[in-house]
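The values are calculated or read from the model by the stated rules, or taken from the named source; none is laboratory data. Everything numeric in this text was worked out from a predicted model, so none of it was measured. Cβ placement follows ideal geometry from the backbone for every residue including glycine, while neighbour counts extend to all protein chains displayed. All accessible areas refer to the heavy atoms of the entire protein, side chains included, with ligands and DNA or RNA removed. Shrake-Rupley method; radii C 1.70, N 1.55, O 1.52, S 1.80 Å.
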Amino acid sequence: MGRVAIIGVGHSKFGKRSDASLRELAFEAYSSALDDADIESSRIDGSVVCSATHYDKQRSPAGVVAEYLGLNPQPTFNIEAACASSAVGLRTAWALVSSKLHDVITVVGVQKMTELSNEEIQELMGRAGDVMWESPFGTTMPAYYAMYATAHMAKYGTTEEQMALVPVKNRKYGSKNPNAMFQKPITIEEVLKSRPVSAPLKLFDCCANADGAACLIIANAEKARKLTDRSVWVAGLGLASSPMSLAGRKGPMTSFEVTKNAAKAAYQMARISPNDVDVAEVHDSFSITEILNYEDLGFAKPGGGTRLLEKGETELGGKIPVNIDGGLISKGHPVGATGASQLFALAKQLRGEAGSTQVDGAKIGLAQNIGGIGMYSAVTILRA
Amino acid sequence: MGFEKFGRFGYVSQTKINPLLSYLEKGQIAATKCKKCGRTYFPPRADCLDDRHSGIEWVVLDGKSNLVTFTKVFFAPPAFQPETPYLLGLAELSNGLRVFAPISASVDEKQLKPGTELNLKVAKGARDNLFYWLE
């Protein structure tokens, strides 16, 4: 039991959703979350709309999303923390309901990315880093993570073949997730032969831009107990920041301090250690990111992330199954929706409703969501 | 021209650290230093974090650096596509501060690894733009 519960979760199909607008994607996730919670929309007394708004055509999307969901005149606003937007949305909602300012609030993570031309997306991607000191040299999102990969390879002997184990694992589970953008498994050879994006990262080491929405219904303990007996409890919330500029960060660039700091806060609040986690969702924006995350979250020692993969410890049936909903690599990465999508997967696991990918007896779940090039990282721990 | 002259393709035009461009024009790379506590900043900052009201002065760097990590970019933002593929690096300067910079195409990339000694030098672009790179 805790002070704040997730009483319902919803998810749209992720991918190139040329059939739906931003508001309609949000409605799909919201409507399925209401069904899941078995409550009426009139119960919702506020909405936290999470998106990296520069990708959306709609400016200040909370306005139109709240209108389309029928959530006027209740308070609404946008939360933006790049790829970690909806994890930060949950943190915000936690504060709003545990303070009793709100009773039941919805966190809607949504992103409409594929409406932009490739040219527009690439231009935006170019400004993902420090726009004064790094973007003027032609940075990209993959370039930053590739630099961590280069450093990890040099220090620990990590190979491209080992990194390829991440997309191979995640795409295997993506094939079982009807909401995933990619539902076809891939082989190590296909990953290694895919075209270079930013060395050593290749196309299949990278997640894809996508459209989609995921939604959480959040309630304080009192309301949650009245409304449902299927609550999943928020046990730990960790959020940290790191310099946005790569030059402002210290150390050998083989780990994300920001994730270590967020994890420490979350473990402390939940009073658990990494060994207690039964199932995890970690930010696999790139293959190398998942490996670094294992190490930064304490699932493996520094440099030991690849060993965990090789031994199958992060597979279903392993010591700590990770991204067995397919991860960003299979689902696609509708930036603002990704954090809520991770929590959707954990809620299903902790309620024992994950079907063919159910982890037996899962009681504690952990989600880790990196924002942008690692300036934000959120770690959320949920309990059954 | 304002600060958009900085880089291969600059985005920001207005800043307090415009004097960097004058140093680059002279073939020098300069950092800022707090007049009171002496803390040095690179990339230059207009404001010292420790002595917020003391003002800053400019100091020229020797450019000696060691590579921390790097990548080769194949898929680039539109403004940079004519130059693909290109190398980007993170290096540590002799004063312990770090710089994010392109690596000159004249560098043999097979020799590159964390720890490789490189020099941060001024470079001029075709559009009269100025920047620095590792060579």
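Couple of notes before you dig in:
- Residues being of a type outside the set (S, T, N, Q) and closer than 20 Å to B:LEU134 by Cα - total across segment B:14-45: 14
- Residues in segment B:2-14 that are within 7 Å of chain A (Cβ to nearest Cβ) and touching a residue at least 24 places away in the same chain (Cβ under 8 Å) were compared, and the one that is nearest to B:ASP47 (Cα to Cα) is B:PHE6.
- Within segment B:106-133, tally of residues that are outside any strand (DSSP E or B) and away from every other protein chain (no Cβ under 13 Å): 6
- Looking across segment B:90-103, the residues that are of a type outside the set (Asp, Glu) and within 12 Å of another protein chain (Cβ to nearest Cβ) come down to B:LEU90, B:ALA91, B:LEU93, B:GLY96, B:LEU97, B:ARG98, B:VAL99, B:PHE100, B:ALA101, B:PRO102, B:ILE103.
- Just one residue in the set A:GLY157, A:GLY138, A:GLY129, A:GLY174 is more than 30 Å from A:ALA20 (Cβ to Cβ) and in contact with a Lys or Arg (Cβ under 9 Å, 6 or more places away or on another chain); that residue is A:GLY138.
- The strands (runs of 3 or more DSSP E) found wholly in segment B:1-77 and carrying at least 3 residues that are touching a Pro at 6+ places or on another chain (Cβ under 8 Å) occupy B:30-34, B:64-73.
- Any hit, segment A:212-233, residues being more than 14 Å from every other protein chain (Cβ to nearest Cβ), in a loop (DSSP other than H, G, I, E, B) and open to solvent by less than 10 Å² (accessible area, probe 1.4 Å): no
- The single condition from (1) more than 19 Å from the chain's Cα centre (by Cα); (2) open to solvent by 40 Å² or more (accessible area, probe 1.4 Å) that A:PRO200 fails is (2).
- A:LEU297 in the same structural domain as A:THR158 (by TED's automatic domain parsing), in contact with a helix residue (DSSP H, G or I) (Cβ under 6 Å, 6 or more places away or on another chain) and without any contact (Cβ under 8 Å) to a residue 40 or more places away in the chain: no
- Number of residues in segment A:351-383 that are at pLDDT 95 or above and either among the hydroxyl-bearing types (Ser, Thr, Tyr) or surrounded by fewer than 24 Cβ atoms within 10 Å (Cβ to Cβ) (or both) equals 19.
- In segment A:143-164, residue nearest to B:PRO78 (Cα to Cα) [restricted to those that are within 8 Å of another protein chain (Cβ to nearest Cβ) and either open to solvent by 10 Å² or more (accessible area, probe 1.4 Å) or basic (Lys, Arg) (or both)]: A:THR150
- Restricting attention to segment A:288-312, the residues being part of a loop (DSSP other than H, G, I, E, B), open to solvent by less than 40 Å² (accessible area, probe 1.4 Å) and not small (Gly, Ala, Ser) number 2.
- Evaluation of A:ASP45 against (1) in contact with a helix residue (DSSP H, G or I) (Cβ under 6 Å, 6 or more places away or on another chain); (2) in contact (Cβ under 8 Å) with a residue 60 or more places away in the chain; (3) of a type outside the set (Val, Ile, Thr); (4) surrounded by fewer than 24 Cβ atoms within 10 Å (Cβ to Cβ) (one fails), failing number: (1)
- Residues being farther than 12 Å from A:VAL166 by Cα and either modelled with pLDDT under 95 or not in a helix (DSSP H, G or I) (or both) - total across segment A:314-339: 10
- Residues of segment A:242-262 satisfying the condition of being surrounded by fewer than 18 Cβ atoms within 10 Å (Cβ to Cβ), of a type in the set (D, E, K, R) and not in a helix (DSSP H, G or I): A:LYS250
- Test: residue in segment A:173-189 that is assigned to a strand (DSSP E or B) and either of a type in the set (A, V, I, L, M, F, W, C) or surrounded by fewer than 17 Cβ atoms within 10 Å (Cβ to Cβ) (or both): no
- Residue identified as open to solvent by 70 Å² or more (accessible area, probe 1.4 Å) and out of contact with any strand residue (DSSP E or B) (no Cβ under 7 Å at 6 or more places or on another chain) among B:LYS35, B:LYS110, B:LYS124: B:LYS110
- Selection status of B:ASN66, more than 12 Å from chain A (Cβ to nearest Cβ) and either in contact with a Phe, Trp or Tyr (Cβ under 9 Å, 6 or more places away or on another chain) or touching a residue at least 24 places away in the same chain (Cβ under 8 Å) (or both): no
- Here B:VAL60 passes the criteria (1) open to solvent by 70 Å² or more (accessible area, probe 1.4 Å); (2) over 13 Å from the mean Cα position of the chain (by Cα); (3) modelled with pLDDT of 95 or more except the one numbered (2).
- Condition met for A:THR106 (within 8 Å of chain B (Cβ to nearest Cβ) and touching a helix residue (DSSP H, G or I) at 6+ places or on another chain (Cβ under 9 Å)): no
- Some residue of segment B:41-48 being among the small types (Gly, Ala, Ser), in contact (Cβ under 8 Å) with a residue 40 or more places away in the chain and more than 9 Å from chain A (Cβ to nearest Cβ): no
- Among (1) open to solvent by 60 Å² or more (accessible area, probe 1.4 Å); (2) touching a residue at least 40 places away in the same chain (Cβ under 8 Å); (3) in a helix (DSSP H, G or I) - the single one A:LEU239 does not satisfy: (3)
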